[in-house]
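Comments concern the structure below.
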Amino acid sequence: MIYGVKVIHTYMVGEDDQRFYEELILRVKAQSFDEAYEKAEKYMLDANCEYTNIYGETVKTFRIEAIDCFLAFEGEVDVQELYSSFSTNRNSLTEDEYYEAIISPCTEKELRPLRNKEFN
């Protein structure tokens, strides 16, 4: 069976401990939800990193957490829902502010601290 496992990967940059959060969904072939979680966690731990960015700062994995798992359908379909997640606004943000908080990706400039010096 094919599963999707949603993972949050947290990176820490430099002495100021600037943090970046990456949400990703891994496609995992497994016989059960438990096995899918295990394989996803092993994959992410193997991908655990530490490197020097273009500014000479250390970038390292701070936290990896598999937070959800779902069974993906196999076979030919025109449309397939790959992931669904519900949340609620527990803050005093307006609806527009809340949408901005949950959907705004980093800009190219904001992502520069993650750029690996070796691959530039």
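The values are calculated or read from the model by the stated rules, or taken from the named source; none is laboratory data. Computed from a prediction, not measured in an experiment: that's the story for all the values here. Glycine gets a Cβ as well: all are built from the backbone with ideal geometry, and neighbour counts include every protein chain shown. Quick note on the areas: whole protein, heavy atoms, side chains included, nothing else; ligands and nucleic acids left out. Shrake-Rupley method; radii C 1.70, N 1.55, O 1.52, S 1.80 Å.
Some points to look at:
- Inter-label distance, nm, simple model (7 Å from Cα along the C-beta direction), ILE2/GLU108: 3.3
- Charge tally for VAL7 (other residues, Cβ to Cβ under 15 Å; Lys, Arg +1; Asp, Glu -1): -2.
- Diffusion coefficient of the chain by Stokes-Einstein, Kirkwood radius over Cα pairs, 10 °C, 1.306 mPa s: 95 µm²/s.
- In the chain, excluding the sites themselves, the longest stretch lacking any of the chymotrypsin sites (Phe, Trp or Tyr not before Pro) that are in a DSSP loop with at most 16 other Cβ atoms within 10 Å is 1-54.
- Sites listed here are trypsin sites (Lys or Arg not before Pro) in region 60-106 whose DSSP assignment is loop and whose Cβ has at most 14 other Cβ atoms within 10 Å: ARG90.
- In nm, spacing of pseudo-spin labels at ASP16 and SER87 (7 Å Cα→C-beta vector): 2.4
- Here the accessible area is traced with a 1.4 Å probe on the protein chains. For the chain, carbon and sulfur cover 48 percent of it.
- Remark: relative contact order (the chain) = 32 percent; criterion is Cα-Cα distance under 8 angstrom and separation of 6 or more residues.
- Between helix 33-46 and the chain: long-axis angle, C-alpha atoms, 0 to 90°, nearest 10: 20
- Where the chain is the region considered: accessible area per residue in Å², 1.4 Å probe: 77
- Directionally averaged projected area (region 63-109, Cα convex hull): 6.5 nm².
- Cβ-based net charge around LYS60, under 13 Å, with every Lys or Arg adding one and every Asp or Glu removing one: -2
- Restricting the calculation to Cα atoms, region 23-89 shows an Rg/Rh of 1.08 when the hydrodynamic-style radius is the Kirkwood one.
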